[in-house]
C-alpha cells in the first residue's frame, strides 16, 4: 500500500474510533428504569372503570402497562413481561417463593389464598370471588416486586413493579383489597439472603400502611414510613414504624393544600434517609391523595420528582409500585404514567451527590443546574405551622409484647411443610 494511503487509512480508522467511543460509553452508562408486569397479575378479573376497580387493581394494572409501551415511555427491553404484544421484551419474573411468604403471613391464611378455603379468609381483602388464576396473580405480583427490587440494588437505579394491593394486608388476613403484603415479604427476603442490611418502605398512599406496620414492627432491618391522610387502625408508632398524619382538611385553597402536603414530605424524608442509610427504598407511590384529599395531579407529579431526586442524589436504589386511587380509569392512568415520566427524567438528569435546594419559581416545577436540584420552598406558602401530626409511640416493652404476640399467632396457625408445599405447587403444576 502506498505510504499516503496507509497514513490516510489509519487516520480514518483512528477518527472512527474516536467517534464511536463516546457513543459506546453513553450506551453502557445511560441509566435505565426497568419495569416488571405479568399479564397474570389481574387474574383474569375485570371491573368497572372507576372506584372499586382502582382498589382491586385488575382494571388499572393492564391499562397502565399498555399506556407505558404505547407511548414508549421505556424501551421494550426495559419491560419485563410475558405479554406477546411486546416484541423485544425482557423476561418476566417467576412467582414469589413459598418460604418468603411464610416469613410474613400465617400458614392458615396462605393456605386459604392458595386453595380458596375457607372462602371468607381467601376473600378477606374484599374481593367478590376466588379462583386459581387470581391466586396465581398474587404470587406473580410479589415475584415481580422481588425481581424489580433485586435489580434496583444490583444496578443502583430506579425500577418499578406495576402491581399493588400490599400495605393493608396483615399477618393472618387481607384488608382493603390488599392480599399479600409484598412490601414486607420482599423486604424480609432481601435482608434474609444478604442483599440488603436495611430496607426502608416509604408509603405515600392516602391511607395508613397499617398492615405493613403489623408485619414488620420490631424488626430493626425494615423501617416503615407512612405519610397518610386517613388512619386505618394500625399499631402505634415505634422505633421502626414512623407515622405522620397530614391534615389536608385544614386548607381550603388547593395551592395551600398542595404546598402543605409537599412541605410535610420534604421535611420528613431527608433526615430519616440520612439517619437510617437504607440499602433499598420501596416506594408506595399512591395516587389516592388526588381524590381522597384534593391534592392536584400537578402536586403528585412534583412529589414524585422530589422523592426520586432525593433518592438519586443520595445514591439510594428505589423500587416503586402502584397504589390507591378512586378516579376514573383515564385519570388514574395519567397520574401513574406521570410517575414513570418523573422517574425517567430524574434518572436522566440527577446524579448521585447532587444537592437539593430551595429556589424554584413555581410550586409545581423543578430545575437542574450543575450539581444542584431546585424545588420550590413549599413551606413559604403556609402561614402557620404545617398541617400534620405524629401519633403516639409504643414503648420498647410494648414493642416486645407486640412481636411476641405476632410470633405466637404464626406458631398457632402453622401447618406442616408438606401441606403448605402441596397447596402452593398445585397453583403451578
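Throughout, read-outs are computed from the coordinates displayed, never taken from laboratory work. Everything numeric in this text was worked out from a predicted model, so none of it was measured. No Cβ is skipped: glycine too gets one built from the backbone with ideal geometry, and neighbour counts run over all protein chains shown.
Quick look at the values:
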read-out	value
Alpha-carbon centroids, the stretch 318-392 and the stretch 66-112: separation in whole Å	26
Förster radius 22 Å - calculated FRET efficiency between residue 389 and residue 358 (Cβ-Cβ, nearest 0.05)	0.35
Inter-probe distance in nm under a simple model that places probes 7 Å from Cα toward Cβ, at residue 404 and residue 276	2.6
Point-to-point label distance, residue 396-residue 129, nm (Cα→Cβ direction, 7 Å offset)	5.3
Shape category assigned to the stretch 318-421 from the gyration tensor of Cα positions, a/c cut at 1.5	prolate
Antiparallel %, DSSP beta bridges [both residues in the stretch 282-424], to 5	35
Contour minus Cα-Cα distance for residue 380 and residue 425 (0.36 nm per residue)	10.5 nm
Cα-based shape type of the chain, given that a ≥ b ≥ c are square roots of the gyration tensor eigenvalues and the cut on a/c is 1.5	oblate
DSSP-defined beta bridges in the chain - what % are antiparallel, rounded to 5	20
Relative contact order (percent, whole number), the stretch 191-346, Cα cutoff 8 Å, 6+ residue spacing	24
Gain on full stretching of the segment that runs from residue 328 to residue 368 - 0.36 nm per residue minus C-alpha separation	11.1 nm
Rounded to 10°, Cα long-axis angle of helix 60-70 versus longest principal axis of the chain	10
Computed over the stretch 33-425: relative contact order in percent, which uses C-alpha pairs under 8 Å that are six or more apart	18
Percentage relative contact order, the stretch 87-170, counting C-alpha pairs under 8 Å, at least six apart	30
